[in-house]
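Novice: I have a structure here, written as structure tokens, and I will follow up with some questions on it.
The values are calculated or read from the model by the stated rules, or taken from the named source; none is laboratory data. Because the structure is a prediction, the values reported are computed rather than measured. Here the Cβ is made from the backbone with ideal geometry for all residues, glycine too, and neighbour counts use every protein chain on show.
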Amino acid sequence: MRHFLTLADYSKDEILEILDLAKQIKTETKAKEFKKYMPNQTLGMIFEKSSTRTRVSFETGIYQLGGIGLFLSSNDIQLGRGEPMSDTSRVISRMVDMVMIRTFEHSKIEEFAKYSKVPVINGLTNEFHPVQLMADYMTIQEAGLDKDLVAAYVGDGNNMAHSWLNMAAKLGFELRIATPKGYEVDASILANALEMAKLSGAKITITNDPKVAVKGSTVVTTDTWVSMGQEAEKEKRLKDFEGYIVDSNMMKVAQEKAIFLHCLPAYRGYEVSEEVMEGPQSLIFEEAENRLHAQKGVMVWLDRKRDIK
């Protein structure tokens, strides 16, 4: 049985296999051919962090695959009253066919997966957001930019930056990450990505200069400067991130064919300008839709690998 906790756990071939499956299912979905790949299966969806896109995409996805999604907030289950994650896992995984968790510390989802009898999907943790990267790369493929890809991530060294590191290290493309001083990516996650990059041939650059990262890139991406739980730091962060907005001047430094991605929600005027968000290079809403299709690919792939150790 396999879990989907971080892209570092997967090979290049496995990632591309899941994406091929996702694109096949997307084609069927667009043709209104809702094949029941997971008939009568139940997806338990545990949300310790709320989300628009994650809930809608997973709940819609499992329904279109022939199953049903069960929304469980921390207020609905015993986790909110202090039950150990291991106990919650051993109970819930005996009642559902698959579990998606959106939580805080990555160690929580690792503990849940350790005791789970069914596949577990990471819907987001403080450290990683792998399902978003699957949607991002699917969007890049559809734009025809996966060959000779040069990706520039500008902003906070957070879970999105960490997942970009893992994706680049596994697939072997060039990635440049620009963060303000004091907001760099986690050193251990970077070190692990650099080790993986030796095998894939990925080129990874870390800088504090956003224009160094963006120059000549084919994909420019960012994330909110103030994530959930960081609201008290807002004023300080806005000051520290001055000069990191992805605006039209920043995009001019990239290649003419470059696209802009953002995992959303986006705060116009902070990490990205209105002009870029609504401009012709922006594929953010195609990217958001691909959360649905990429995650269906992940779920079906995990279901097929259920009996593999």
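Novice: Mind listing whichever residues of segment 109-137 are within 26 Å of Ala288 (Cα to Cα) and either at pLDDT below 95 or among the hydroxyl-bearing types (Ser, Thr, Tyr) (or both)?
Specialist: The answer is Thr125, Tyr137.
Novice: If you don't mind, another one. Quick one: in segment 90-136, of everything that is out of contact with any Pro (no Cβ under 8 Å at 6 or more places or on another chain) and of a type in the set (S, T, N, Q), which residue is nearest to His3 (Cα to Cα)?
Specialist: Filtering segment 90-136 for residues that are out of contact with any Pro (no Cβ under 8 Å at 6 or more places or on another chain) and of a type in the set (S, T, N, Q), the one nearest to His3 (Cα to Cα) comes out as Ser116.
Novice: Something else now. Is segment 88-104 home to any residue that is out of contact with any strand residue (DSSP E or B) (no Cβ under 8 Å at 6 or more places or on another chain), closer than 22 Å to Arg291 by Cα, at pLDDT below 95 and part of a loop (DSSP other than H, G, I, E, B)?
Specialist: Checked against the condition, which is being out of contact with any strand residue (DSSP E or B) (no Cβ under 8 Å at 6 or more places or on another chain), closer than 22 Å to Arg291 by Cα, at pLDDT below 95 and part of a loop (DSSP other than H, G, I, E, B), segment 88-104 yields at least one hit.
Novice: Name every residue in segment 1-34 that is at pLDDT 95 or above, of a type outside the set (A, V, I, L, M, F, W, C) and farther than 15 Å from Asn290 by Cβ, in order of residue number.
Specialist: Result: Arg2, His3, Thr6, Asp9, Tyr10, Ser11, Lys12, Asp13, Glu14, Glu17.
Novice: How many of the residues in segment 136-175 are farther than 19 Å from Tyr10 by Cα, outside any helix (DSSP H, G or I) and in contact (Cβ under 8 Å) with a residue 24 or more places away in the chain?
Specialist: The total comes to 13.
Novice: A further question on this structure: Which one of these is surrounded by 14 or more Cβ atoms within 10 Å (Cβ to Cβ), in the same structural domain as Gln295 (by TED's automatic domain parsing), of a type in the set (Ser, Thr, Tyr) and in contact (Cβ under 8 Å) with a residue 60 or more places away in the chain: Thr29, Thr52, Thr42?
Specialist: Within the list Thr29, Thr52, Thr42, the selection yields Thr29.
Novice: Now for a different question. Of everything in segment 197-240 that's hydroxyl-bearing (Ser, Thr, Tyr) and closer than 17 Å to Tyr153 by Cβ, which residue is surrounded by the most Cβ atoms within 10 Å (Cβ to Cβ)?
Specialist: By that ranking, first place goes to Thr222.
Novice: Of all residues in segment 12-71, how many are charged (D, E, K, R), under 21 Å from the mean Cα position of the chain (by Cα) and part of a loop (DSSP other than H, G, I, E, B)?
Specialist: Number satisfying all stated conditions: 2.
Novice: Out of all the residues in segment 113-147, which are β-branched (Val, Ile, Thr) and within 16 Å of the chain's Cα centre (by Cα)?
Specialist: Within segment 113-147, Val120, Ile121, Thr125, Val131, Thr139, Ile140 qualify.
Novice: Among Asp186, Asp148, Asp156, which is surrounded by fewer than 23 Cβ atoms within 10 Å (Cβ to Cβ), in contact with a Ser or Thr (Cβ under 8 Å, 6 or more places away or on another chain) and not polar (S, T, N, Q)?
Specialist: Unique residue meeting the criteria: Asp148.
Novice: Something else: Right, Val150: over 16 Å from the mean Cα position of the chain (by Cα), among the aliphatic types (A, V, I, L, M) and within 23 Å of Ile245 (Cβ to Cβ) or not?
Specialist: Yes; evaluated as a whole, the condition is true for this residue.
Novice: Against the definition (within 18 Å of Asn208 (Cβ to Cβ), in contact (Cβ under 8 Å) with a residue 24 or more places away in the chain, surrounded by 11 or more Cβ atoms within 10 Å (Cβ to Cβ) and not hydroxyl-bearing (Ser, Thr, Tyr)), how does Leu261 come out, yes or no?
Specialist: Spelling it out, it is not the case that Leu261 is within 18 Å of Asn208 (Cβ to Cβ), in contact (Cβ under 8 Å) with a residue 24 or more places away in the chain, surrounded by 11 or more Cβ atoms within 10 Å (Cβ to Cβ) and not hydroxyl-bearing (Ser, Thr, Tyr).
Novice: Counting only residues that are assigned to a helix (DSSP H, G or I) and of a type in the set (Phe, Trp, Tyr), which one in segment 105-135 is surrounded by the fewest Cβ atoms within 10 Å (Cβ to Cβ)?
Specialist: The selected residue is Tyr115.
Novice: Quick one: what pairs do we get from segment 180-191, first residue within 10 Å of Ile206 (Cβ to Cβ), second among the β-branched types (Val, Ile, Thr), C-beta under 9 Å, 6+ apart or different chains?
Specialist: Listed by first residue and then by second, the contacts come to Glu184/Ile177; Glu184/Ile206; Val185/Ile177; Val185/Thr179; Val185/Ile206; Leu190/Ile177; Leu190/Ile204; Leu190/Ile206.
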